[in-house]
Amino acid sequence: MRSAAPALLPIFRSRLQADILAALLLNPEDEYSLTELAERFNAPPSTVHGEVKRLTDAGLLRRREVGRSAIVRADTSNRLMKPLAELLLLSWGPLQVVAEEFSGLLGGEQVLIFGSWAARYHQRPGKPPHDLDVLVVGSPSREDVYTAADRTQQRLGMPVNPVIRSEEAWRLASDPLVRQIQSSPLVNVLMPDGNGTSGPLTDPGRSGDA
């Protein structure tokens, strides 16, 4: 039975298709075997094979054979790559994954992405980010934060570095790291809603207020 189109961005035929495209288009220099994709997304190899074939036939992915393995990567010569990658970045990249995995943290009041990923998101020049820096403001359990970071790392395939600071430390900028973070590009991911609980921003791409 065909899976439903993802509600997040229902232009894709399935969640797996969007996952594969995000993994490859958001990291165009990376290559994956079909086995690696199946393991990463906990999907049947036959289903991954079908999705990859459709995407390859559409000119979105390039495939090559290495021994008995099929290796795929983004086809960067396709003019659709840039706009499609931007859609995936905004809907399926770190913003969405961090929002999903860090939501519901007991004692967490705000979650932000900082560092190189936030800088590239705000069009600051530099090398592509190879890890993700996540700040949790509040008093959550350290174990819960690191568990959320581990889940995020597994889904994104890149290291995730969580930092925890109290609301007071964030408000008063009472340590050098907080001051450094506040003076650099930020991306708000989760913040209190009207009921005082954490919820996703309506515009998660805006800069955080220092």
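Values computed for the structure shown
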| item | result |
| --- | --- |
| Long-range amide H partners of L61 with built H, under 5 Å | T56, D75 |
| J(HN,Hα) series, the range 26-38, from Karplus relation 6.51 cos²θ - 1.76 cosθ + 1.60, nearest Hz, glycine and proline x | 7, 9, x, 8, 8, 10, 9, 7, 5, 5, 5, 5, 4 |
| J(HN,Hα) series, the range 135-147, from Karplus relation 6.51 cos²θ - 1.76 cosθ + 1.60, nearest Hz, glycine and proline x | 9, 10, 9, x, 9, x, 5, 4, 4, 5, 5, 6, 5 |
| Tensor-based shape of the chain (alpha-carbon gyration tensor, a/c under 1.5 rounded, otherwise prolate or oblate) | prolate |
| Helical mean residue ellipticity (222 nm; -39500 (n - 2.57) per DSSP H run of 4+; nearest 500) of the chain | -12000 deg cm²/dmol |
| Cα gyration tensor shape for the range 93-200, rounded if a/c is under 1.5, else prolate or oblate | oblate |
| On Cα atoms only, tilt of 15-25 relative to the major axis of the chain in degrees | 80 degrees |
| In Hz, Karplus ³J(HN,Hα) per residue of the range 85-95 (6.51, -1.76, 1.60; θ = phi - 60°; x = Gly, Pro) | 5, 5, 4, 5, 4, 6, 10, 10, x, x, 4 |
| Per-bin percent of Cα-Cα distances, the range 15-84 [5 Å] | 3, 18, 32, 28, 14, 4, 0 |
| Farthest toward positive dipole pole in the chain [+1 Lys/Arg, -1 Asp/Glu at C-beta], among V136, G115, S77 | S77 |
| Long-range amide H partners of G138 with built H, under 5 Å | E109, R165, S166, E167 |
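Values in this text are rule-based calculations from the coordinates and carry no lab data. Just so we're clear, the structure is a prediction, and the values are computed from it rather than from any experiment. Here the Cβ is made from the backbone with ideal geometry for all residues, glycine too, and neighbour counts use every protein chain on show.
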